[in-house]
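The structure appears below as structure tokens.
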Amino acid sequence: MAVKETNRSKKTSRAIRKTKRLSEVEEIALLEAWIESQKPINGTNPLSFPHLPRDAAIGRLGDGEFSPYAGCKWFDQLPLSGKTKDGLKPKYLEMSDIQRASLPHSLCGRDVLGAAKTGSGKTLAFIIPVIEKLYRLRWSNYDGVGSIIVSPTKELAAQLFQELQTVGKYHTLSAGLLIGGRKDVETEKERVNSMNILICTPGRLLQHMDETPNFDCSQLQMLVLDEADRILDAGFKKELDAIISQLPKKRQTLLFSATQTKSVKDLARLSLKDPEYISVHAESETATPEHLNQIAMEVPLEQKLDMLWSFIKSHLHSKLLVFLSSCKQVKFVYEAFRKLRPGIPLLCLHGRMRQDVRMAIYAQFCEKRACLFSTDVASRGLDFPAVDWVIQVDCPEDIAAYIHRVGRTARFSSKGKSILFYSPSEKEMITKLQNAEPKIPIHLRKANIQKMQPISGLLASLLVKYPNLQALAQRAFITYLKSIQKQRDKEVFDVSKLPFEEFAVSLGLPMTPVIRFLKLKKGQTLTAPATTTSTTKEKNVPVVARNDVLADDSESAEEEDSGDEILRQKVAAKADGEADPPAGLPSRVLKKKKLKINVHRPIGTRFVFDEEGNSLPPLAALAGANGADDGFHFDKDEVEGRFKKLKEEMKKHDKEDKLLLKRRLREKRAEKKMKLKRLQGEEEEEEDEEEEQSRGRRNKRQKLYLDSDDDDDGQTNPQMDGSDFASKMSVDAQVDLALQLLNKMNS
Ligand code: ADP
Ligand code: MG
């Protein structure tokens, strides 16, 4: 009975599977006919098509009637599989503009270059076609990698993966998240070949291409670049070129970003075929979301932390996202503010964190109200729910960076606010933002200085209490300056205009760290003497950084991270030109890391110093006095003369060395002979004690003569007794004899 039942249930499930397969095949045939018959003309914008009535969404196989899908507003009016439609419900019913404009083109297999504001729903605009394409091809695990979605950051890749899981939950396609830093790379290697959809960062994908045996992308159907302009920029160039070279050219490619690349060169690298350029907000008045309220405020660099602290203290019930320009700054501000307990949970996110910690922080900030300090790792694509304020403490590098940062709030239909603190020297950025096309509606506000809570004093005492924090503050100081120096837009970013001294004080630092990487013109000083606003103990000591800083632009990221900046100070010269040494102040911060010799350092980058301690490039010592200001002029005669002089000096030293050597050899030989004579004397004593006593004494005297006057050139001394046998022996023979005698004695 039991057996019969089992047989029956087996048959039923087989029948269900068969009907399922049949219905799948039928559905795919219907979808393909629908897509093919109603596809929009190339180059048209489906947004301009007449709207379809809400109930006109039917494609029926048999009677060949299909509704047009370009121009429709609802997901269920699109030629999508039932499984995808089920996955979209109940959250996604009506399409956003970018989805309406791009899906009709991407569903029929065209390459798409999509640009739309932040938070406008670009993710679904590529996830839906990825799933649908593989579904219609009946892709299975045996077919290998069918689609690759590339993201610039790990967090964004994880977010895309989540969205793919939501929309594709009724499909049987497999998907893998490949992001660097995860330990299970070996497990990944085993499974990556059986994945249909890969969501990855460029580095990790390339790692698999290089290391995973049999990793095969030859069947790839679709490539997607999210935040395409970022992935196509110089930072990822090498990786992306290597990836593209391993992908088949015959594929569909989708590129999406809020700030799309228009560079023909960039696009040529991807070998797009008649791409559809879809820029849904190109005619929009603003480049940023409509519900975003944007403020900019002039805040001097040395007051930015005071302003940030005051802002956080007055927004304790909001969700805040704070952007700073470097990991070190994020670390310092986070650690320092945490110790000062503002009354809101604090989090921090940057690229140098461990991967699992990074993902945990990202998840935490998605879930709870907090203040997150972050570098630009969080500026692109991340969809943190309900961020109230985006605060840019450090100026963004360009307009695109500004748009992406503020785009972390006011997502989809929600509201949001942003504030940018710009220092007086960065005013030009505001002009650029105000003149941007399309516009960025940014309102200028004046800082309310009365309400500002200065915290540099608190920071100074924190730094005294926590030496680690002091080291962090020094690194934050240096990396901030480096970040400004590395900026490409020199109209906005000018490191020489920064008030170094005041900035150091505002971080709570007792003195200004030496800035070794800056090139300063002769006579230019880094800082003005400390102002009376200084709150540190040393404020009365006029501290200025040295102006003979080493010029080294090529300082590596590793050096940047080493934190071994030397804390030196030079006391401002007194009127008579004399300088008093500062009492009781350390001259150097202990190095934590071992110094590394950079064997890859380019040749000719070593620095030498002149007699006054000024740094010079390696060959500068050979430069003529009439050298041009911008470089060094080499005078041939002078160089030759210098070499001649050097040669003569070397000859002289060589002669002196030889003489010294000779003298030493002579002394050694004399010593040996003395020993020998002593031994001989003892032997004779044994033979005839009495006779020996008188003769031995004479001999010894003679031998003494011999020892002291034996010349190097082997000539005997005229005072030497011809009857003395030792005088006739060569030195070597004497040494041999001595050794024989010694051996005899020992045996
Ligand atoms: P973008 O990539 O353009 O910055 P996302 O794809 O991250 O934007 O979407 C932003 C938010 O909008 C997400 O929370 C997403 O769930 C939501 N969203 C996207 N499309 C729709 C839609 N059609 N209906 C409702 N919400 C949507
Ligand atoms: Mg996005």
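The values are calculated or read from the model by the stated rules, or taken from the named source; none is laboratory data. Remember, predicted model here, so these are calculated numbers, not experimental data. All Cβ positions, glycine included, derive from the backbone under ideal geometry; neighbour counts span all protein chains shown. Please note that ligands, DNA and RNA were not included when accessible areas were found on the heavy atoms of the full protein model with its side chains. Shrake-Rupley method; radii C 1.70, N 1.55, O 1.52, S 1.80 Å.
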Probe 1.4 Å, all chains present, heavy atoms only: Leu137 accessible area in Å², nearest 10, is 80
With every protein chain in place, the accessible area of Val264 for a 1.4 Å probe, in Å² rounded to the nearest 10, comes to 120
Extreme residue, positive dipole direction of segment 176-305, given options Phe256, Ala282, Gly176 (C-beta unit charges)
Gly176
Simple SL model, points at 7 angstrom along Cα→Cβ for Lys668 and Leu93; separation in nm is 10.2
Using r as the Cβ-Cβ distance of Lys262 and Lys73, and R0 as 35 Å, what FRET efficiency do you calculate, to the nearest 0.05?
0.75
Would you tell me the accessible area of Met209, worked out with a 1.4 angstrom probe on the heavy atoms of the protein chains, in Å² to the nearest 10?
20
Around Gln221, under 15 Å between beta carbons, what's the net of Lys plus Arg minus Asp minus Glu among the other residues?
+3
Using a 1.4 angstrom probe on heavy atoms only, work out the carbon and sulfur share of the accessible area of segment 18-279 in %.
52
Can you work out ³J(HN,Hα) from phi for every residue in segment 94-104, in order, using Karplus 6.51 cos²θ - 1.76 cosθ + 1.60 and θ = phi - 60°, giving whole Hz and x for Gly and Pro?
9, 7, 8, 4, 5, 5, 5, 7, 9, 4, x
Given Pro129, Thr201, Ala101, which one lies farthest toward the positive end of the charge dipole of segment 18-279, if we put +1 on the Cβ of every Lys and Arg and -1 on the Cβ of every Asp and Glu?
Ala101
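Can you give the local net charge around Arg100? Use residues other than it whose beta-carbon is closer than 12 angstrom to its beta-carbon, Lys and Arg +1, Asp and Glu -1.
On the way: positive: Lys73; negative: Glu94, Asp97.
Counting the neighbours of Arg100, the net charge comes to -1.
Over segment 412-525, with every protein chain in place, what whole percent of the accessible area is carbon and sulfur at 1.4 Å, could you tell me? It would help to have the intermediate numbers written out before the result.
Numbers: 3030 of 5650 Å².
In segment 412-525, the share of accessible area belonging to carbon and sulfur is 54 percent.
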Based on the mean of other beta carbon atoms within 10 Å per residue, what is the order of 225-237, 662-674, most packed first?
225-237, 662-674
Under 5 Å between amide H atoms, partner at least 5 residues away or on a different chain: which partners does Trp74 have, H built in plane at 1.01 Å?
Met95
What net charge do the residues around Met353 carry, taking every other residue with its C-beta under 12 Å from that of Met353, with Lys and Arg at +1 and Asp and Glu at -1?
+3
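When the convex hull of the Cα atoms of segment 18-279 is projected onto a plane and the area is averaged over all directions, what value comes out in nm²? The partial results should precede the final answer.
Working: hull surface 55.5 nm².
The Cα convex hull of segment 18-279, projected and averaged over all directions, gives 13.9 nm².
Let a ≥ b ≥ c be the square roots of the eigenvalues of the Cα gyration tensor of segment 153-257; is it rounded (a/c under 1.5), or, if not, prolate (a/b larger than b/c) or oblate?
Rounded, since a/c falls under 1.5.
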Report ³J(HN,Hα) in whole Hz for each residue of segment 293-308, in order, from the Karplus equation J = 6.51 cos²θ - 1.76 cosθ + 1.60 where θ = phi - 60°; Gly and Pro get x.
9, 10, 10, 10, 9, 7, 9, x, 3, 6, 10, 4, 5, 4, 5, 4
Quick one: 3J(HN,Hα) in Hz for segment 41-53, Karplus 6.51/-1.76/1.60 with θ = phi - 60°, rounded, Gly and Pro as x.
5, 3, x, 8, 9, x, 5, 8, 6, x, 5, 8, x
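Give the accessible surface of segment 313-446 per residue, rounded to a whole number of Å², with probe radius 1.4 Å and ligands, DNA and RNA excluded.
Numbers: 5210 Å² over 134 residues.
In whole numbers, segment 313-446 has 39 Å² accessible per residue.
Enter the accessible area per residue of segment 82-164 (Å², integer; probe 1.4 Å; all protein chains in place).
Values: 2260 Å² over 83 residues.
Per residue, segment 82-164 has 27 Å² of solvent-accessible surface.
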What does the charge dipole of segment 18-279 about its Cα centre add up to, to the nearest 20 debye, if the Cβ of each Lys and Arg holds +1 and the Cβ of each Asp and Glu holds -1?
100
Taking the Cα centre of segment 336-443 as origin, sum charge times position over the Cβ atoms of Lys and Arg (+1) and Asp and Glu (-1), and report the length of that vector in debye to the nearest 20.
460
Please list, ordered by chain and number, the residues whose modelled amide H lies under 5 Å from the amide H of Gln392; skip anything fewer than 5 residues away on the same chain.
Phe323, Ile419, Leu420, Phe421
